[in-house]
Amino acid sequence: MFLNIHCWQVHINFVAFTAKTKLIRHYEKTLGAYHFGGHRMIIPTHSAEVLIDKYFKN
């Protein structure tokens with residue numbers, strides 16, 4: 001799921017995901033993820049691009 005926030009003609013994109021309880025702190029430290037309560041987390045575009053480049057190289 002992607003969230004688009006429109007503010008003053010600027011688009012900010014995040015990747016939202018559901019984390020397992022034991023991995024929440026890990027994702028915060030390693031990916032710069034933000035925890036929104038429960039198991040819901042988001043990572044900013046730059047972090048998502050790093051993951052894509054790492055795991056889906058052409």
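For the stretch 24-35, the condition of being modelled with pLDDT of 80 or more, in a loop (DSSP other than H, G, I, E, B) and touching a strand residue (DSSP E or B) at 6+ places or on another chain (Cβ under 6 Å) holds for at least one residue.
For (1) exposed (fewer than 10 other Cβ atoms within 10 Å of the Cβ); (2) modelled with pLDDT of 85 or more; (3) of a type in the set (Ser, Thr, Tyr); (4) in contact with a strand residue (DSSP E or B) (Cβ under 7 Å, 6 or more places away or on another chain), each residue gets a yes or a no:
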{"position": "Phe2", "(1), (2), (3), (4)": "no, no, no, yes"}
{"position": "His6", "(1), (2), (3), (4)": "yes, no, no, no"}
{"position": "Ile12", "(1), (2), (3), (4)": "no, no, no, yes"}
{"position": "Ala19", "(1), (2), (3), (4)": "no, yes, no, yes"}
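For the stretch 36-49, give me each residue that is closer than 22 Å to Lys22 by Cβ and either surrounded by 13 or more Cβ atoms within 10 Å (Cβ to Cβ) or modelled with pLDDT of 90 or more (or both). Matches in the stretch 36-49: Gly38, His39, Arg40, Met41, Ile42, Ile43, Ser47, Ala48.
The values are calculated or read from the model by the stated rules, or taken from the named source; none is laboratory data. If you're wondering where the values come from, they're calculated on a predicted model, not measured in any experiment. Cβ atoms come from the backbone with ideal geometry, glycine included; neighbour counts cover every protein chain shown.
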